[in-house]
Amino acid sequence: MDAIMNLLDKYRTSMKESKFAKNKYISYAAEASGLNPADIVGIAYAFLLLWVFFGFGSSLLCNLIGFVYPAYASFKAIESEGKDDDTQWLTYWVVYSTFVIAEHFSGFILRWIPLYYPLKLIFLTCLFSERIRLAETIYSSFIAPILRSQEGVIDAALDKVQKRADVVMGDVKKGISEAAVEVSYFMHAH
């Protein structure tokens with residue numbers, strides 16, 4: 001029991017300095033309830049885990065958590081003067097995109113794993129956690145080395161696709177122009 005209390009004390013101490021503890025809504029909820037802001041965040045996270053574990057819409061909730069907060073934090077990073085937070089969130093989005101693609105192709109297997117959605121929720125929050133910075137670890141250890149080794153191949157493929165898209169768009173523009181001339185001629189003739 002002492003070990004659990006020590007962990008809770010460490011958690012509360014670390015949360016006092018976090019952005020969540022300084023959030024006006026969390027502060028308001030803490031003031032109204034008489035609880036510590038760290039406890040409010042912990043209770044909210046526990047509720048989310050329970051919802052994901054037992055609730056309806058676990059996939060949607062995980063995807064919203066993996067998208068909504070990071071999207072807003074990315075907005076804030078873009079609007080800020082510093083560049084470090086921009087890099088942090090760009091790294092998050094590269095890792096998140098890789099995860100979503102991998103999940104798409106293996107989702108039919110992953111969904112059979114017990115506790116998949118609670119584990120996914122924990123994984124996603126660890127990706128964007130400013131303390132844990134799991135996205136940076138995954139990016140620098142796995143994704144960046146693979147992309148660096150294949151950069152020439154990827155660039156050549158993208159260049160080929162771009163050239164083909166330019167040809168197709170030229171054909172589309174030409175077709176639209178010809179159709180517009182035909183419609184104009186038809187309207188003036190009648």
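The values are calculated or read from the model by the stated rules, or taken from the named source; none is laboratory data. As the structure is a computational prediction, the values presented were derived from the model and not from experiment. When we count neighbours, we look across all protein chains shown, and the Cβ atoms used for this are built from the backbone with ideal geometry, even at glycine. Only protein heavy atoms, including side chains, enter the accessible area calculation; ligands, DNA and RNA are left aside. Shrake-Rupley method; radii C 1.70, N 1.55, O 1.52, S 1.80 Å.
Condition check ((1) more than 14 Å from the chain's Cα centre (by Cα); (2) more than 21 Å from ASN23 (Cα to Cα); (3) surrounded by 14 or more Cβ atoms within 10 Å (Cβ to Cβ)) across all residues:
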{"position": "GLY34", "(1), (2), (3)": "yes, no, no"}
{"position": "ALA38", "(1), (2), (3)": "yes, no, yes"}
{"position": "TYR45", "(1), (2), (3)": "yes, no, yes"}
{"position": "LEU50", "(1), (2), (3)": "yes, yes, no"}
{"position": "PHE75", "(1), (2), (3)": "no, no, no"}
{"position": "GLN88", "(1), (2), (3)": "no, no, yes"}
{"position": "ARG111", "(1), (2), (3)": "yes, yes, no"}
{"position": "TYR117", "(1), (2), (3)": "yes, yes, yes"}
{"position": "THR125", "(1), (2), (3)": "no, no, yes"}
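Going by what's in this entry, would PHE142 be described as open to solvent by 70 Å² or more (accessible area, probe 1.4 Å), of a type in the set (Phe, Trp, Tyr) and in a helix (DSSP H, G or I)? So that I can check it myself, show each step before the final result.
On the way: open to solvent by 70 Å² or more (accessible area, probe 1.4 Å): yes; of a type in the set (Phe, Trp, Tyr): yes; in a helix (DSSP H, G or I): yes.
Criteria met by PHE142.
Restricted to the stretch 99-109, and to residues that are open to solvent by 80 Å² or more (accessible area, probe 1.4 Å) and under 16 Å from the mean Cα position of the chain (by Cα), which residue is farthest from PHE54 (Cα to Cα)?
Per the stated criteria, the residue is ILE101.
Restricting attention to the stretch 52-68, which residues are more than 12 Å from the chain's Cα centre (by Cα) and touching a residue at least 40 places away in the same chain (Cβ under 8 Å)? Write out each step before concluding.
First, the residues of the stretch 52-68 that are more than 12 Å from the chain's Cα centre (by Cα): 52-61.
Those that are more than 12 Å from the chain's Cα centre (by Cα) and touching a residue at least 40 places away in the same chain (Cβ under 8 Å): VAL52, PHE53, SER58, SER59, LEU61.
Anything in the stretch 127-139 that is open to solvent by 60 Å² or more (accessible area, probe 1.4 Å) and in a helix (DSSP H, G or I)? List them, or say none.
Residues of the stretch 127-139 open to solvent by 60 Å² or more (accessible area, probe 1.4 Å): 130-133, 136-137, 139.
Residues satisfying the conditions are GLU136, THR137, TYR139.
Of (1) open to solvent by 70 Å² or more (accessible area, probe 1.4 Å); (2) at pLDDT 90 or above; (3) assigned to a helix (DSSP H, G or I), GLU81 satisfies all except one. Which?
Going through the list (1) open to solvent by 70 Å² or more (accessible area, probe 1.4 Å); (2) at pLDDT 90 or above; (3) assigned to a helix (DSSP H, G or I), GLU81 breaks only (3).
Would you say TYR139 is of a type outside the set (Val, Ile, Thr) and touching a Lys or Arg at 6+ places or on another chain (Cβ under 9 Å)? Break it down stepwise before answering.
Numbers: of a type outside the set (Val, Ile, Thr): yes; touching a Lys or Arg at 6+ places or on another chain (Cβ under 9 Å): no.
No.
In this structure, is GLY107 within 29 Å of PRO145 (Cβ to Cβ) and either in contact with a strand residue (DSSP E or B) (Cβ under 6 Å, 6 or more places away or on another chain) or outside any helix (DSSP H, G or I) (or both)?
On the way: within 29 Å of PRO145 (Cβ to Cβ): yes; either in contact with a strand residue (DSSP E or B) (Cβ under 6 Å, 6 or more places away or on another chain) or outside any helix (DSSP H, G or I) (or both): no.
Here the answer is no, as GLY107 does not meet what is asked.
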